[in-house]
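Step one of this worksheet: look at the structure below.
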Amino acid sequence: CQYRVFGKVMMLTHTGVPLALRGRGIAAALVAAALAHARERGYRVRPDCSYVEAYMRRRPETLDLLGEP
C-alpha cells in the first residue's frame, strides 16, 4: 500500500498484491494497517487508489477519516 503524507493528510495512492497472492485478503490487511496508522497519527485520508476507496465505502467505520483536517 503506497501513500504520501502532506501535513495532516495521508494520500493512499496505490495498493497492489502479486497475481499469485490475490484473493487471500492481503490487500485488505494492507489497507486496514494504513488506515490504523493514519488514525493513530491523527491524519485525514484521501483515497486516490480505487481499491482503498471501495474498501472504505464498504466499511462505514472508516469514513470518519475522509477529508481535509
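Structure notes:
- Filtering segment 49-69 to residues that are open to solvent by 50 Å² or more (accessible area, probe 1.4 Å) and either among the hydroxyl-bearing types (Ser, Thr, Tyr) or not in a helix (DSSP H, G or I) (or both) leaves Ser50, Tyr51, Arg59, Leu66, Glu68, Pro69.
- Residue pairs meeting the criteria (Cβ under 9 Å; at least 6 apart or on separate chains; first at pLDDT below 95, in segment 36-61; second open to solvent by 50 Å² or more (accessible area, probe 1.4 Å) and outside any helix (DSSP H, G or I)): none
- Within segment 16-48, considering residues that are in contact with a strand residue (DSSP E or B) (Cβ under 6 Å, 6 or more places away or on another chain) and in a loop (DSSP other than H, G, I, E, B), the one farthest from Phe6 (Cα to Cα): Asp48
- In segment 1-35, residue farthest from Arg58 (Cα to Cα) [restricted to those that are of a type in the set (A, V, I, L, M) and loosely packed, with under 12 Cβ neighbours inside 10 Å]: Ala20
- Flag for Arg4 being basic (Lys, Arg), in a strand (DSSP E or B), on the phi < 0 side of the Ramachandran plot and touching a residue at least 12 places away in the same chain (Cβ under 8 Å): no
The values are calculated or read from the model by the stated rules, or taken from the named source; none is laboratory data. Small disclaimer: the values here were computed from a predicted structure and weren't measured. Note: ideal-geometry Cβ built from the backbone for every residue, glycine included; neighbour counts use all protein chains shown. The protein model used for the area step is the full one, side chains on, heavy atoms only, and it has no ligands, DNA or RNA in it. Shrake-Rupley method; radii C 1.70, N 1.55, O 1.52, S 1.80 Å.
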